[in-house]
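Below is one structure, written out as structure tokens, with a few remarks after it.
Read-outs throughout are calculated quantities, based only on the coordinates presented, and are distinct from any laboratory measurement. Bear in mind the structure is a predicted one, so any value in this text is a computation, not a measurement. Here the Cβ positions follow ideal geometry from the backbone for every residue, glycine too, while neighbour counts run over all protein chains shown.
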Amino acid sequence: MSVRVRFAPSPTGFMHMGNARTALFNWLYARHVGGTFLLRIEDTDRERSTKEAVQVIYDSLKWMGLDWDEDVIFQSDRLDVYRDVANRLIDAGFAYRCTCTREELEAIKVRMEAETGQKRYDRTCRDKKQGPDCGEHVIRFATPITGESAFEDLIQGSILKQQEELDDFIMMRTDGTPTYQFAVVVDDEKMRITHVIRGVDHIDNTHDQLNLYRALGFTPPQFAHAPRILGLSKRKGSPSVEYYRQAMGLTREGLLNYIVRLGWSHGDQEIFSMEELIAAFDLKDVNRASGNFDDVKLAWVNEQQLRKIPLELLADYVLPYFQEKGLNPEKGPWFYRMLDVIRLRATHLGDFVDRCDYFFNDIKEYEEKAAKKHLKSAMTPVLLELADRFEKLGEWTEEAIAAVMTRLCEEKDTKLGKIAQPARVALSGCAMTPGIYETIWLIGRERTVSRLKAATQWIAENDQT
RNA sequence: GGCGCGUUCGUCUAGUGGUUAGGACGCCGGCCUCUCACGCCGGUAGCACGGGUUCGACUCCCGUACGCGCUGCCA
């Protein structure tokens, strides 16, 4: 039987990092085994679900590249199905109508806790066999009272619970909508889900759901409960995909790579391409313990991905940042080369546009410290000589540029640094840039020559030594 | 409170009865070097605690502590 998994978020307004990883685990597992990855929107809580929130889910999944198969299922479209199944359960004696009010319930739970130490419904209505005309009511599941519920979790191992610990949970609310606990079973069966991969916070619910499967005569899927992600502090903004994507300028490769390794591992490997992830991912390698989200390591992983992904893709990622600043570089050898030299120094997508101003615009002023140190009158002859040689250089390649500078060093019997640093300041206005040859090539012959000359002019006006 | 689950360097993790407990981030030191980086080399630091089981426990069992979750007509 082929594997079918699903990601079933409720539209709450943003994609929490934990949900993102659950989606990723599901998607990776499906792609790994050649199965099917489905999306279901759990919008039975009518008060909280909005269209915008659903859109956020779509956008986040698309950005992450987690494409789903088949049509999206909305629980709100299936209300009559749940009602029918619930009635079937009542007829079969597995569920019952409960007319206890919320106030009564509160009192019951207080009493139960005092008497038994456990805060549960006392099953007052369980044997009343009330009909549909009993007035305002909910439908509860008649949980088995004895025995134990056990299952083998693919991640957590054996999970055991005494049935007597379980409550007669509500399946259908007063307003006729199903609760999560009920809808999830009906839908997973309908969608022929074979593996339920979700967060550990659902692990206790699994027993209720297993009882439901049994009552319904359904074959339960396999369960895999992934550990929680801790340490997503609220003060840094919301712990959502959108936040990290925008505020940190992450690539999808970086975020996914980081998040997948938080709770899953494949030997000592840290950096994965998406293809490698699909090939390597397996539920048996998912850790049981929860992990802490660490922005520092996330940044490192993102750096690694920035250096690894194809330049064409990187160009797509950073272009919006350039356009935001009114720059519109053309995709091509020049732009790719520039990205290639900057990526070694970049952590976030925003770093690219931040660090290449002098490749686009003229130097407005020299960084004070750098100019003071490197733009001295003694350097004027060298800078002019460089300008002259670049002007006459036949082929404008990094190799040819390197040759010019090496030659000049030999002639002047000096180290490259003595020439490269002043040239760097002259060309970029600052003391830190990528390699000098690449920088010169990227700036281009014409601007290189004019900037070198302009620097000597500045020296004449400013350096008194 | 009750129930459930978890616990290896500061953090992410490998480990499945016998290892000098491995890797990664960070941090520290060095090398490389035209600056800044990258990279490379080295160092730092860990099996929560207490009992068992065993010739031998990070690995198995029990307990304690701590953490997290559930205990909603949220999911």
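Rounded to the nearest 20 debye, the dipole magnitude of the stretch A:310-355 is 160 debye, with +1 charges on Lys and Arg beta carbons, -1 on Asp and Glu beta carbons, and the Cα centre as origin.
Checking Cβ-Cβ separations below 4.7 Å across chain A identifies A:C100, A:C134, A:C356, A:C409, A:C430 as cysteines lacking any candidate disulfide partner. The magnitude of the dipole of chain A, with charges of +1 and -1 set on the Cβ of Lys/Arg and Asp/Glu and taken from the Cα centre, is near 720 debye.
For the stretch A:183-281, the list of GluC sites (Glu not before Pro) that fall in a loop by DSSP and count at most 15 other C-beta atoms within 10 angstrom reads A:E270. Over all directions, the projected convex hull of the C-alpha atoms in the stretch A:360-462 averages 5.8 nm² in area. Put in order of Cβ neighbour count within 10 Å, fewest first, the listed residues A:L416, A:L427 become A:L416, A:L427.
Amide H to amide H distances under 5 Å link A:D153 with A:S158, A:I159, where only residues 5 or more positions off or on other chains count and H is placed in the peptide plane. Near A:F7, the amide H atoms lying under 5 Å from its own belong to A:L38, A:L39, A:R40; only residues 5 or more places off or on other chains count, and H is placed 1.01 Å from N. Across the stretch A:27-42, computed HN-Hα scalar couplings (Karplus, 6.51 cos²θ - 1.76 cosθ + 1.60, θ = phi - 60°) run 5, 4, 5, 4, 5, 5, 9, x, x, 10, 10, 10, 10, 10, 9, 8 Hz from first to last residue, x flagging Gly and Pro. Residue pairs exceeding 32 angstrom between C-alpha atoms, taken from A:K62/A:K161; A:K369/A:K415; A:K284/A:K331: A:K62/A:K161; A:K284/A:K331. What are the residues whose amide H is under 5 Å from the amide H of A:M172, where those residues sit 5 or more places off or on another chain and H is modelled from the backbone? So A:M172 has HN proximity to A:I139, A:T179.
Against the main long axis of the alpha-carbon atoms of chain A, helix A:311-324 sits at an angle near 80°. For chain A, the longest principal axis of the alpha carbon atoms and the long axis of helix A:180-190 meet at an angle near 80°. The 3J(HN,Hα) values that the Karplus relation (6.51, -1.76, 1.60; θ = phi - 60°) gives for the stretch A:97-106 are, in residue order, 8, 10, 9, 5, 7, 4, 5, 4, 4, 4 Hz. Gly and Pro appear as x. When A:D167, A:D204, A:D175 are arranged by Cβ crowding within 10 Å, least crowded first, meaning fewest neighbours, the order is A:D175, A:D204, A:D167.
For the set A:K51/A:K325; A:K325/A:K364; A:K364/A:K392, the pairs lying more than 21 angstrom apart at their alpha carbons are A:K51/A:K325; A:K364/A:K392.
Based on DSSP H segments of at least four residues, each scored -39500 (n - 2.57), chain A has a per-residue ellipticity at 222 nm of -15000 deg cm²/dmol. Against chain A, whose longest principal axis comes from its Cα atoms, helix A:333-343 is set at around 70 degrees. Here A:A431 and A:M274 are evaluated by their C-beta separation; at R0 = 41 Å the FRET efficiency comes out at 0.60. Using θ = phi - 60° in the Karplus curve 6.51 cos²θ - 1.76 cosθ + 1.60, the 3J(HN,Hα) couplings for the stretch A:59-73 round to 4, 5, 4, 5, 4, 6, x, 8, 7, 9, 9, 6, 7, 5, 9 Hz; x is entered for Gly and Pro. Among A:C356, A:C100, the ranking by other beta carbons within 10 Å of each residue's beta carbon, starting with the fewest, stands as A:C100, A:C356.
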